[in-house]
Amino acid sequence: MKKNFLYAALTASVITTSGLTFTSCSNDDSDSNQVTETNVVADDASALSLVNGVYSHWQPLSSSFSFVIELNSNKLISFEGEENEAGPVNSRFEQEPTTWYQIKIFNHLLQGIAADNENIITLNNSLKAGKITQSGYNAAAGKTKFLRGLAYLKLVQLWGEVPVFTEEGGSTTDRQPIDKVFEQIVSDFTSAEALLKDYDGDPRIPSKQAAQGLLARTYLIWGDNPLTESEVEAIANQQKDPAFTTTPARLEKAVEYADKVIKSGLLKLDPEYNKLWGREYESNKRKTNEHLFTIAHDGDKFDAQGNHQTHCSWTFPFQNGENGQGYSQNHTEVADDNLYDDWKAEQPNDKRLAETYFTSIVNPETGKTHTYYSPVYTPINGKGVDQSYTNAENLEITQNSVDRIEIRYAEVLLIKAEALVQLGKADKAVEPFNELRTRAGIATVTASDLTLKTIQREWDYEFTYEQFSLLNSLRWKNLVSSVKEVANYKHFADDWQSKQTYTSEQAAYFTKIHNHLVAKYNNVKGRNYRQPIPTGFSGEDLGIKQNPGF
């Protein structure tokens, strides 16, 4: 669950056993441009095998992203172990450089980049030596650039200015300006777009359209003017959000790349929203082509680490105090009933609601119904429950084999709609926006109804618990105000216990809910527009300047 994973050892020049160490890979100061039998691969298959090794740095992060991106929001809390464990610490906005999930994500992403850099050198040498074909090179190099661009995108979103180093050189400790990081991301995704083949229905394989979709995401994020270090420093110790501003030229590029995916005709929405999650629905087994890029998982015995998204959201599925069962707490919990109640009041017929929040479910082994609503429990994160095969609710807790969806076609549609609304072109945004509404079974909108606020709420309806919550708040510059919405939740007020009748076990559970909600409200500050620069895996200082307020 936490540290019990294996990650592939890379060459000693890149990773040391004591932690995270990089070399500056430059053809000017090394012999890497001299082709020898030791710095090439044998054939095209070997080239792809080499590149695929980098997935050992992505697989351990599939559930870990939620422990930062969703817990650092108003939507999720964590009871993972004792209150000083990394999950609860993130839930309460008390993360520090030594917090495990920050260490894990930051180090694995940088290690993956270091491996990508070495792989590009090897692929270039192999092509020069005639060991691989041009098509073999394109497939392997395209995947490498794709994964490196995605790693830098995650880093810049969570940590802001980060070191930028490639196969051509660069410091591994000097933080670069935000725009330079985004320029590298765009360069990598643009190269991947040119090198990769069209989407063929297998979302595990990076494709031209996946690169285009991530370019659309990149330009939307960049177009919303991410904060600089000095801007974060100005509000680091205040409960204050900065002003929201945009760069229209970048938003136009977001529309351009979203349109490339849409006009390819290769992707579409699955007509059944509830069929998007689960082991039997992954890898496009339904042939609906909504999953655009996913991280493959075959379980703990096969991966660097299985996808614990199901395990964490559904740790003790039928031990919630009913039917003679015990009373246990999941590693991640829906923050309060209001997240379900408010949505139901706004859009009672939205098909997405029932998949996002479970208020009751039948145990397939006993046939008994279990309720998830106070005073028994809070609702369950439905997207973390695999219901796609017999007894999946129980089996996936240990198998951890569901693929993680990085991007699906619905996001491309919403990116286009949002960018157009931000550009003042709501009339053109209506069509992609209403595709989502139509599938959800709720009323479509006209241009006069389509505001940024409407778009923001649609992100919740469509993507709650899909690792967007914090990242969207960073874009919209409403992190502090959105987190402080927990003051309206049922279990926030000091007199919450007087509103219902609770057993002693239930009261203990909801006391934790109350304490986490209050901590979120009190602790969120401007500094949380960045994560703390963490230590290395062994606790060593990485030599990278710390973010403001940490």
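The values are calculated or read from the model by the stated rules, or taken from the named source; none is laboratory data. This structure is a prediction, so every number in the text was calculated from the model and none was measured. Cβ placement follows ideal geometry from the backbone for every residue including glycine, while neighbour counts extend to all protein chains displayed. Note: areas computed on protein heavy atoms with side chains; ligands, DNA, RNA excluded. Shrake-Rupley method; radii C 1.70, N 1.55, O 1.52, S 1.80 Å.
A few points about this structure:
- Region 487-507, residues that are exposed (fewer than 13 other Cβ atoms within 10 Å of the Cβ) and without any contact (Cβ under 8 Å) to a residue 24 or more places away in the chain: ASP494, ASP495, SER498, LYS499, SER504
- Residue within region 204-217 that is modelled with pLDDT of 95 or more, farther than 28 Å from ALA140 by Cα and either part of a helix (DSSP H, G or I) or open to solvent by less than 40 Å² (accessible area, probe 1.4 Å) (or both) present: no
- Count of residues meeting criterion [open to solvent by 20 Å² or more (accessible area, probe 1.4 Å) and touching a Lys or Arg at 6+ places or on another chain (Cβ under 9 Å)] in region 267-278: 6
- Subset of region 319-350 [part of a loop (DSSP other than H, G, I, E, B), free of Cβ contacts under 8 Å to residues at least 40 places away in the same chain and either within 24 Å of THR444 (Cα to Cα) or touching a strand residue (DSSP E or B) at 6+ places or on another chain (Cβ under 7 Å) (or both)]: GLN319, PRO348
- If you go through region 351-408 and keep only what is among the acidic types (Asp, Glu), part of a loop (DSSP other than H, G, I, E, B) and farther than 19 Å from VAL334 by Cα, you end up with GLU365, ASP403.
- Restricting region 277-318 to residues that are aromatic (Phe, Trp, Tyr) and in a loop (DSSP other than H, G, I, E, B), the residue that is nearest to GLY265 (Cα to Cα) is TYR281.
- Filtered residues of region 220-235 (kept if in contact (Cβ under 8 Å) with a residue 60 or more places away in the chain and within 24 Å of the chain's Cα centre (by Cα)): LEU220, ILE221, GLY223, ASP224, PRO226, LEU227, THR228, GLU229, VAL232
Here's the yes/no breakdown for (1) surrounded by fewer than 19 Cβ atoms within 10 Å (Cβ to Cβ); (2) closer than 24 Å to SER482 by Cβ:
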| position | (1), (2) |
| --- | --- |
| ASP336 | no, yes |
| LYS344 | yes, yes |
| ASP350 | no, yes |
| LEU353 | no, yes |
| GLU365 | yes, no |
| THR378 | no, yes |
| ASP386 | no, no |
| TYR389 | yes, no |
| ASN394 | yes, no |
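- Region 279-321 - residue that is in contact with a Gly (Cβ under 9 Å, 6 or more places away or on another chain) and among the acidic types (Asp, Glu) and, of those, surrounded by the fewest Cβ atoms within 10 Å (Cβ to Cβ): ASP298
- All positions within region 413-440 that are part of a helix (DSSP H, G or I) and either in contact with a Gly (Cβ under 6 Å, 6 or more places away or on another chain) or small (Gly, Ala, Ser) (or both): ALA417, ALA419, ALA426, ALA429, ALA440
- When region 85-132 is filtered for residues that are open to solvent by 10 Å² or more (accessible area, probe 1.4 Å), acidic (Asp, Glu) and in a helix (DSSP H, G or I), only GLU118 remains.
- Within region 156-195, restricting attention to residues that are among the charged types (D, E, K, R) and assigned to a loop (DSSP other than H, G, I, E, B), the residue that is surrounded by the most Cβ atoms within 10 Å (Cβ to Cβ) is GLU161.
- The set of residues in region 219-264 being in a loop (DSSP other than H, G, I, E, B), among the small types (Gly, Ala, Ser) and exposed (fewer than 15 other Cβ atoms within 10 Å of the Cβ) consists of ALA243 alone.
- Among the residues of region 344-363, the one identified as within 22 Å of SER91 (Cα to Cα) and either hydrophobic (A, V, I, L, M, F, W, C) or modelled with pLDDT under 95 (or both) is PHE358.
- Residue pairs whose Cβ atoms lie under 9 Å apart, separated by 6 or more positions or on different chains, with the first residue in region 133-155 and outside any helix (DSSP H, G or I) and the second charged (D, E, K, R) and surrounded by fewer than 22 Cβ atoms within 10 Å (Cβ to Cβ), are THR133/ASP43; THR133/ASP44.
- Failed criterion for THR511 (all others in (1) in a helix (DSSP H, G or I); (2) touching a residue at least 24 places away in the same chain (Cβ under 8 Å); (3) surrounded by fewer than 17 Cβ atoms within 10 Å (Cβ to Cβ) hold): (2)
- GLU466 being within 26 Å of SER73 (Cα to Cα), open to solvent by 20 Å² or more (accessible area, probe 1.4 Å) and not in a helix (DSSP H, G or I): yes
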